[in-house]
1. Students sometimes get this wrong: rank C:MET311, A:MET173 by accessible area, probe 1.4 Å, all chains present, largest first.
2. How much accessible area per residue does the protein assembly as shown have, counting only protein heavy atoms and a probe of 1.4 Å, in square angstrom?
3. Quote the charge dipole size of the range C:31-273 about the Cα centre in Debye, to the nearest 20; the model charges only the Cβ of Lys and Arg (+1) and of Asp and Glu (-1).
4. Can you list the DSSP H helices in chain A whose Cα atoms extend at least 24 Å along the helix axis and whose mean Kyte-Doolittle hydropathy is 1.0 or higher?
5. Using a Förster radius of 35 Å, what is the FRET efficiency between B:GLN218 and A:ARG89 based on their Cβ-Cβ separation? Nearest 0.05, please.
6. With unit charges on the beta carbon (Lys/Arg positive, Asp/Glu negative), name the residue among C:SER81, A:ILE148, B:TYR180 whose Cα is farthest towards the positive pole of the charge dipole of the protein assembly as shown.
7. Which of the peptides C:195-202, A:215-222 is most tightly packed, and how do the rest follow, judged by the mean count of other Cβ atoms within 10 Å per residue?
8. First compute the accessible area of chain B with a 1.4 Å probe, then give the percent of it belonging to carbon and sulfur atoms.
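The values are calculated or read from the model by the stated rules, or taken from the named source; none is laboratory data. Small disclaimer: the values here were computed from a predicted structure and weren't measured. Here Cβ is always computed from backbone atoms with ideal geometry, including for glycine, and neighbour counts include all displayed protein chains. Accessible surface areas use protein heavy atoms only, side chains included; no ligands, DNA or RNA. Shrake-Rupley method; radii C 1.70, N 1.55, O 1.52, S 1.80 Å.
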Amino acid sequence: MLQTLFDALSLGSLYALGALGIALIFGVMRLVNFAHGDVIAFCVFALLWPSTDAMAIVFAGQLPWYLLVPFVLLCGAGLSVLCEIVVFRRFRNANPATMMIASFALGFVIRYFLLMLYSSRPKSISLLPALSQPIEIFGARLPLLQLITIVATMAILIGLTLFLRQTRFGLEMRAAAENFSMARMLGVRANRVIMGAFALSGALAGAIALIFGSQTGTVDIQMGASIMLMAFIATVIGGLGSLGGAVLAGFLLGAASVVMQVALPVDARPFRDAFVYGAVILVLLFRPQGLIAARGTKERV
Amino acid sequence: MSLLALSDITIRYSRLTAVREVSFSMTEGEILFITGPNGAGKSSLLRAIAGVTPVAAGKIQLAGQDITGQAPENIARLGLSMVPEGREVFGSLTIEENLLVGTGMQARDRTSRARTASDLEAVYMTFPILKDRRNGQAGLLSGGQQQMLVIGRALMTNPRLIAIDEPSLGLAPNITDQVYERLIALQAQRQLTLLIVEQSSARAMMVGGRMILMRGGQIVLDGDARTLGSGEAIQAAYFGYEDH
Amino acid sequence: MSAVSSATETSLTGEVIAAKKQARFALARKTIVTPILLSLLLIAITLITVMTGSRPFNQTVIDVLVRVIFVVGLYIFIGNSGVLSFGHIGFTCLGAYAAAWLTINPIMKSSALPGLPDWLLQTRLIYWQAAILAALFAGVAALIFGKVLMRLSGIAASIATFAVLAMINTIYSNWDSVTGGTSSVVGIPIIRTIWPYLIGAVAAIFIAWAHAISRSGLALRAARDEPTAAAASGVDIPKERLVAFVVSGAVMGLGGALMAHSIGVVTPDTFYLSLTFITLSMLVVGGMGSLSGGVIGVVLLSALIQALRWMEGGVSLGDATFALPKGIQEIALGVIMIVILALRPSGLMGNREITLTRSNRNT
Ligand SMILES: Nc1ncnc2c1ncn2[C@@H]1O[C@H](COP(=O)(O)OP(=O)(O)OP(=O)(O)O)[C@@H](O)[C@H]1O
Ligand SMILES: [Mg+2]
C-alpha cells in the first residue's frame, strides 16, 4: 500500500515537473513547446562526453552532487534560453499551430544533434549510486531514490511558489502569463519575462533529467519523449497555462497510471496507458477547459 | 514643447481603416478629452499611442522621442500610463499585487520606494474598498471595483501622461466624481497630463480643458470643452448630418 | 418570408435548390483545375521515374506518393477545420494492419497472429481490395473516435487527438496475438509497380477536392474563418467536422494500406511520432489551409530529404568525395522548416490554391 503510494507520488513528480515546464512557457507565450522533451534528453546526455561508442564516457556525471545538480540545471536553462533567442523569438506573433510545428522541428534538430554526437544506443550510467539503496519506512522497503525524488519535487514546487509569489520577477511573470499585453503596458519587459520562463522551464527539464537518469540508470534518446506525452496531457487537463493545475494533473496522471497498474486484471495491464489516455479524453469531454479552468478567477501556484 | 504629438496617424485592421490621418498634440499638464460615437476609433487611437496596436502610417512622439512602432514597455517607461478599454485586471493576482505590477520600472532607491508607498496609500484613500480587500483576488471584484483597480494601478507608475479609455464605465456617479477629483488633483500637483476618452461630452464640460470629437476615424471638432460642449455644433458633429 | 404562402415557398425553395446546384456546378468547374494540375504534377513525376527505370528512385517516388496520400488526408481535416490533429497517423496504423490481416498468406498468419478470428485467418484478398477495406475500417474507427472528439475544439481537441494516437499505438504494441506486438509483422505482399500508388494519390486529391466543394466542406471552411458567424447562420460545426474527420480518416487508412504494401512489414512504431511529425511538417510548410500547399509541401520536403540523403552518402567533386556526417540530414531538415515557418508563418502557399489563372484565394 505504502509502496503504491510512493510509486504514484514519484511517477507523478516526474509528470508534474514536466507539465510545469510546459505550462510556464505556455503561460507567457501561448506556445505548446514540443522541444521540451528534447531539452530533457539534452540534459541527460550532458552527463556524458560526446562519443558514439557503446561504452559511456562519463563526463559531468562524475561530479560530486553539489556540482552536478547545478551543472545539469544550468545546462537545461541555457539550452532553453538559447532556443528562445534563436528560434521562438521569431514566432511571437505566429498562430499556435505554426508555433507548435516550429517547436516540433526544433526538438527534431536537438534530438538528431544528440544522435550525431552520441549514437542512438542507450548507454548505461550510474548516477549518484548511493541513492539506489533501499531504506525502511514504516515497515516498507523503499528505494531511497524514490523518497528523494518526492522530496526534491516538493522542494522545487515550494521554491517555485515562493519565487513566483515573493519576488518582483515572479510578480511580473504571473502578470504577464495572465495578460501579456497589459503587463507590457505597465512596463513589464517582454523579453526578460519570456527568457525567465524559458530558463525556469529548462531548469525543470534538468531536474527531470537528473531524477529520471538516476532512476533508470540509462541514457536514452527516447526518455524525454515518454515523459513529455504525459506532461502535455497533464498541462491540458490542468487547464492550459495554470501552473497549479498542471502540477495537480501531473500527480493525478501518475496516480492513475499506478492505480491502474495495480487494479487492472493481469491481461489488461499492458494496455494500462491506453486506459489512461482514454480517461484523459473523458476528462477533456467533461472539462474542455481543464480541471482548473477559468483563467483569472482561480488560484494558481 | 509638446509632451505628446501625433501626426497623420492612420490605423488599419486588415481592410477596415479605423483611424484616418489624425494629428494633434498635447502640452505638459494639459487635460484633453476625446469623445465621439461608438466605432469612431477612439480606443484604437489610444492603443496605438500605447504601442499595442500598430499604426499603418504617421508618427507618434512622446517627450520628444519618436515612439512609433516601439514596444509597449518602452513607451510605458517614457512615462505613459494606459488604462485600456475593458477592465484588464490580472484576475489571479491579489489587488495589491495588481497595483504593484507597474512599479517595477522605477529605480530601486529609497525615494522612489517611499513614493511607491505613498502612492499606494493615496490609491487606498481614494478607493477604500481596495484597501479592505488588498489581499483578495482581483478577479473576484465587481465590475466597478475592477475599474477602480485599473485606474489606481495606472496612478501607481508615477507617469507623466495618463491615457484612460472611458474611466466612468461601470462606476457609480459619485465614484466617478471621486476618480476625477483625484485625477485633477494629481494633474495640478505633479503637472500630470491627462488624455481621457469619454462617450459623452458632459464630463468634459464639467471638468473643462480641451476636447476633441472624433467620428468615422477622423477629428471633426477640436476646441475648448466648455464652449464646444454647449454649442449646437457638437450635436451635429456627434450624430453626423447624413444620419437624419 | 413568413408571409409568403406555402405554395410559393415550395417553388421558391425549388428554385433556390436549382440555383444552388448551378452555383455548385460553377464552383466545381472553376476549382477543378487545382486537382487536375496537382495530379498532372504527380503523373509527370511518375512518368519520369518509370523512364529512368532506376529501382531505388522508383522506391523513393513510391514513398512520395504514399506521403501525398497522408498529407492530403491530413489536409481534409486540418485544412478545412483549422483544428490541428496529431491523431491521424493512428488511422494510418489501423489501415496498415488491416491490409496486413487481409493479405498475408493464411499459413503465415495463423502462426504469427493466432489471435485473429477464423474468418480473417482464412481470408486472403488482392492488395487493392484490401486497401479499400482498410480505408473503410479506418473510416469507421474515425467515426467512432470522432463522435467523441469533435465536441472538443482548440488545443483540447489537438491534445485529445494526440491521446488517440498514443492509445492506438499502445494497443497495437501490446496486443501480441492480433498485431504481433512491437515486433514486425512480415509477409505482406510487396507491390513494386508505381501505378497503384499514383492512382491512390490522385484518388486522394480528388476526394479532398470533392469534399472541399461539398456543402459540408464549404460550411466547415466558413466556420474555420468566421466561427461565430457560421454558428449563427446555423452551421452545425461538430457535425461538419465529423464528416471531414471520417473522410480524412479513411484516406489515412488507404495510405496506411498502400504503405504496408510498399515496404512489406509493419510495426506500430512505424506509425507513431516521427511519421506524425514528418507529415504534419509537410502540410504546415506547404500551407495547411490549402490542398496545393499539402501536395507541394510533400514534393518539396521529400526532394530536400532526398538531396540531403544523397549528400550524406557522399558527393564526388573531382577527386575528393564530400560526405555530410550522419544526422545532418534531419538537422538540416529541421532548420530549413524553422526558417520557412519564420519567413512564411502560413506556409509556402498560405491559403492559396494553384490554378491556371495565377494563384487566387481559396474561399
Ligand atoms: N482588433 C480589431 N480588429 C478589427 N477591427 C477592429 C479592432 N478593434 C477595433 N476595430 C474596428 O475599428 C473601429 C474603431 O473601433 P474603436 O474600438 O477604436 O472605436 P471606439 O471609438 O473606441 O468605439 P467605442 O466608443 O464603442 O468604444 C470599429 O469599426 C471597430 O469595429
Ligand atoms: Mg472604445
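1. Solvent-accessible surface, decreasing: C:MET311, A:MET173.
2. On the way: 37740 Å² over 908 residues.
The answer is 42 Å² per residue.
3. On the way: 12 positive and 8 negative charges, 41 e Å.
In debye, rounded to 20, the range C:31-273 gives about 200.
4. Details: long enough: A:2-29 (40 Å, 1.65); A:65-86 (31 Å, 2.04); A:96-118 (32 Å, 1.62); A:144-166 (32 Å, 1.87); A:190-216 (39 Å, 1.25); A:243-263 (29 Å, 1.90).
Helices passing the filter in chain A: A:2-29, A:65-86, A:96-118, A:144-166, A:190-216, A:243-263.
5. On the way: r = 37 Å, r/R0 = 1.06.
With R0 = 35 Å, the Cβ-Cβ based efficiency is 0.40.
6. Towards the positive end, the residue furthest out is C:SER81.
7. On the way: C:195-202: 20.9, A:215-222: 17.6.
Those peptides, ordered most packed to least, come out C:195-202, A:215-222.
8. Carbon-and-sulfur percentage of accessible area, whole number: 50.
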